[in-house]
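Bear in mind that the values in this text are calculations on the coordinates, not laboratory data. Because the structure is a prediction, the values reported are computed rather than measured. Note that each Cβ is placed from the backbone with ideal geometry, even for glycine, and that neighbours are counted across all protein chains shown.
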Amino acid sequence: MVAVHRVKTLLRKPENVILLCLLIILTYLILLPLFSIVGDTFKVHSSELMRIKGSETGDFTTYHWKSIFIGKYSRNIFYKPLFNTALVAITTCFIAIVLGGIFAWLVTRTDIQFKKLISSLFILPYIMPSWTLAMAWLNFFKNTYVGAPGFFTALTGIQTPDWFAYGFFPITVVLGLHYAPFAFILIGGILRNMDANLEEAAQILKAGRWRIIRRITIPIVLPAVLSTILLVFSSAMSAFAVPAFLGSPVRFQVLTTQLFRTLNGMSPGYGFLIALVMIVIGALILTVNQILVGKRKSFATVTGKSSNISLVNLKKLRTPLSIFLLVLLLLITIVPLITFAVESFMVSSGNLTAENFTTMFWNGEGRPDVLSGEPGILRNKYIYIGLWNSVRLSVLVSLLAGSIGLLVGYAVVKKRGTVGANTLDRLSFFPYLLPSMAFGAIYLSMFAVRRGFIPSLYGTFAILVLIGTVKYLPFASRAGINAIFQLGREIEEAAMIFGVSWWKRMVKIIIPIQKAGVLSGFLLPFISSMRELSLYILLVTPSTKILTTMLFQYNEKGWDQYANAIILFIVLVVISLNLVVNKVTGASIDKGIGG
Amino acid sequence: MPEIIIKNATKRFGNVVAIENLDITIEDKGFVTLLGPSGCGKTTTLRMISGLESPTDGDIYIDGNLVFSASKGIDLPPAKRDVGFLFQNYALWPHMTVEKNITFGLENLKWDKADTRHRVDELSDLLRIEDMLERYPNELSGGQQQRVAIARTLAPNPKVLFMDEPLSNLDAKLRIEMRAELKRLHLETNSTFVYVTHDQLEAMTLSSRICLMKEGRVQQYAAPLEIYNHPTNCFCAEFVGNPTINLIDVACYKDDPGDIRLVSEDLHFYFKPVSGLPTLRKGAKFLLGLRPEHISLTENGPINTKVYSTLPSGMETIVIIRIKETYLTSVVFGGLDFKVDSEIGMSLSSDNYFLFDKSSGSLIATGSLSVDQKVSGET
């Protein structure tokens, strides 16, 4: 009887109800699919009946596990892509850390010029979708191996070698450039916020400059560097678009591209198993990172004011170096955008004569002899459908993720310290640990069939909304937790005393006061969803195409003009929205949790 | 009559027991202070009575109504308990003007326009905030914000007013001013105040009764001077009073009821009980408590000491004296200055020295003391 009363009393408080509901829903949407995918690796799928003799669809089998790990072809199916993935991820880490670290040091600790401009330009590749640079690379350096040459060959007449144009080298350069800002933000943040007294104290004790760097600065920055390495590694590992664009011409396979091939082809069982491997690696890496981050906090480097760190004088190098960096940054940020624009007006790429330029890919009606008579972008109804789908999807994802994130924040902060709140906190962050494409595979496996009262969702728009919401919930719930946490409980309790209802407290008190934080919880998922490819690509069907998947298809078909036009459009939307978010809220995707 | 009765209230956070079997009655129109070191459960107690926190067990009555009962499944929300709550950080809504801050709650309680208007005028007059009604909280000073918060809390005429360290965010001067205002407000509003603080001086000066807590348990619930003069245990004696009471480790040397002798490292005492019937065992360990003002300094004798340090503050002077390795704090009225290391006499003329049991801390007896300097040896 007392127990019943206790439960009734508990459920009278909205935070308890929210906590309970969210725990149930998120367990269903995040944890259960993990079990489902494990099951799928032991199951015979209909397309595999031919190879697994005498079996029927749905039978239990260890075939996938055997062939992936110890089978005759396991080298090509699994170990080679795994090795490539590791190689790409490690090299990417190296490039990103060195580049980001040098820039961070230059900007925070030297008297280099254009600091503000350099910082904002440097972060740009991270805000842009990762495949932007890959497309730009192709525009520049593609050679006749796959068709028309790129700008570089067209301008100089020099044929780029295959290793330079495709495969490992460009993939690591592009990914390295894409994740360097991440290293820049993390390391720069530590350097900037590091209490100058820490270094000054050493100076007063007569330690030399180099000794200070070696014994004070580096040990303090080290945890940040380690954590950056881990995050870049796991992000590079789960990157799909870049290796797909740059690697496929020379059949350079990594785990994600292999996952895409097998799942879309005849061996979904392999695909699910590869996804599982990626999830395990990703989860391991990010768990290690959490431990490191926890340790870093204990350094408490962000205590004092770091107003007067003495900057290194670059002397004669100052101006040339500043200009060199600026030009370099313009080359990797603004120039790619220009190539997209230019390419979208060219009939055949690599030909820079005037008659080769046309607006027909924008407003033409389509000619049967060019690209299967596909009409220009502005007249193409499929483009509009894709655009509409993209916008609709991102708006829904943003509304759902944002609202749920706010509720997560409310429940977690109000019930702070309880088992339920800690569980919800971790659960809502968990999708962040899952590589996008593997997560897509999970949902494919989970919702391809009817589950309880939920009908089969494969091929519907709803599944895209669902996965987008769950995948970006970590951004939204972090924003929500921060917003509610900063507010403090008293502000809301002051209204409870007057009997203000929960709904009114949210709408009239909490949201208006924390509107900036709340808004960023809505906008970050929107931007992320707009530029997402690998999360959705396994789940779209012709009727639910979105811009990014269309871009991917155009690129596969070699219809570069359309691909370039779309990419230009997406990049502009993402960058301008990011600017808006930045202005309105001070939050920015680059200040998010990375990924 | 808004009398508050708390019966057997227990609050656990996970495995941590914040409040254990709390049993107190707060009389109508009282000004009761919950006092204790941080983490003693005083704020939790306040939040439980007001309904912001639900106890794990127990019953709470306000004004004869059962507002919480774990066994009966009753847990009225704060709004139905007819209480006001003043928060430590004021919790003013930053996006509303002062006037809106005051009226928002009233609108929600469905007050009509004229009554609301009247109440705002009344309160802004009482708290002298008439000319701030159109301003936003961040345009006000700490003291002004405090007064607005009080106005907002008083607006619906709560029968009981809860205050959670309301003065701790103010500077020292303003704090003393607001202390006086709160005491006046208590009389003018004619309601029951429950006040949380960790500042013993605030508790002493404001309250009609103090509930002194430690680790989730009530140590003593009595009038301020009662606690000061008759603490139930060593913790209460130490927590209340500034400068802090002197405590000397002693052991019983002679347990004859007519001739009790206690020895410390450096001193030899005769203890004469005034109240309490100590049955002392020879060799048992005790703490002797001497309030600083009960240690008088004299020109010469009966006990010879040395001045170790002196802290004159104008109105009074705190003198730390030393007898071998024993240091005692004494308070002298007036701005006297003593030369450090000079010789000075000390006398123990009060009959209100405390004898606490060393292991349990509880008070065994109060009585008078004298020191046998010869046995104790020369300083």
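Here are the numbers:
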quantity	calculated
Potential lengthening between A:Thr156 and A:Leu378 on full extension [0.36 nm per residue; Cα-Cα distance subtracted]	76.6 nm
Zone of B:Ser342's modelled label, taken as backbone nitrogen in region B:291-313 under 15 Å from a point 7 Å along Cα→Cβ	B:297-301, B:305-312
Label point distance in nm, B:Ser275-A:Tyr145, each placed 7 Å from Cα along Cα→Cβ	9.8 nm
Placed amide H near B:Gly30: partners under 5 Å, 5+ positions off or other chain	B:Phe193
Residues A:Val580 and A:Trp362, FRET efficiency given R0 of 25 Å [Cβ-Cβ distance, rounded to 0.05]	0.45
Estimated FRET transfer efficiency when R0 is 60 angstrom, pair A:Val98-A:Ala3 (beta carbons, to 0.05)	0.50
Radius of gyration and maximum dimension Dmax of region B:246-376, Cα, Å	15.0, 45
Point-to-point label distance, A:Ala207-A:Val327, nm (Cα→Cβ direction, 7 Å offset)	3.9 nm
Gained length - A:Ala341 relative to A:Arg318, 0.36 nm times residue gap less alpha-carbon distance	4.9 nm
Rg over Rh [alpha-carbon atoms, Kirkwood Rh] for region A:335-486	1.17
Semi-axes of the equivalent ellipsoid for region A:170-237, Cα gyration tensor, largest first, Å	30, 11, 9
Rounded if a/c under 1.5, otherwise prolate or oblate - region A:1-97, Cα gyration tensor axes	oblate
Inter-part distance where region A:2-36 and region A:71-142 are each reduced to a Cα centre, Å	41 Å
Magnitude of the charge dipole, the protein assembly as shown, Cβ model with Lys/Arg +1 and Asp/Glu -1, debye to 20	3340 debye
Farthest positive-ward along region B:246-376 dipole, Cα basis, beta-carbon charges - from B:Leu363, B:Tyr253, B:Gly314	B:Tyr253
Two-site FRET efficiency, A:Trp503 against B:Asn8, from Cβ-Cβ distance with R₀ of 41 Å, rounded to 0.05	0.70
When the convex hull of its Cα atoms is projected in every direction, mean area for region B:21-74 (nm²)	4.1 nm²
Estimated dipole of region B:4-239 in Debye, rounded to 20 [Cβ of Lys and Arg +1, of Asp and Glu -1, Cα centre]	300 debye
Amide proton proximity set for B:Ala18, modelled H, under 5 Å, gap of 5+	B:Lys11, B:Arg12, B:Phe13
For chain B, calculated [θ]222 nm from helices alone, where every DSSP H run of n ≥ 4 adds -39500 (n - 2.57)	-7000 deg cm²/dmol
For region A:49-65, Karplus couplings with θ = phi - 60° (6.51, -1.76, 1.60), whole Hz, Gly/Pro x	4, 4, 7, 8, 5, x, 10, 10, 3, x, 5, 6, 8, 9, 3, 4, 4
Convex hull volume of region B:4-239 per residue (C-alpha atoms, cubic angstrom)	129 Å³
Inter-chain shielding of A:497-505 (mean C-beta neighbours from other protein chains, 10 Å cut-off)	6
Label-point separation in nm, A:Leu222 to B:Asn300, each point 7 Å along Cα→Cβ	7.0 nm
Counting all C-alpha pairs of chain A, share separated by more than 43 Å (%)	25 percent
For region A:115-197, diffusion coefficient by Stokes-Einstein and Kirkwood Rh (Cα), 4 °C, 1.567 mPa s, µm²/s	89 µm²/s
Convex hull of region A:73-358 built on C-alpha atoms - directionally averaged projected area, nm²	18.4 nm²
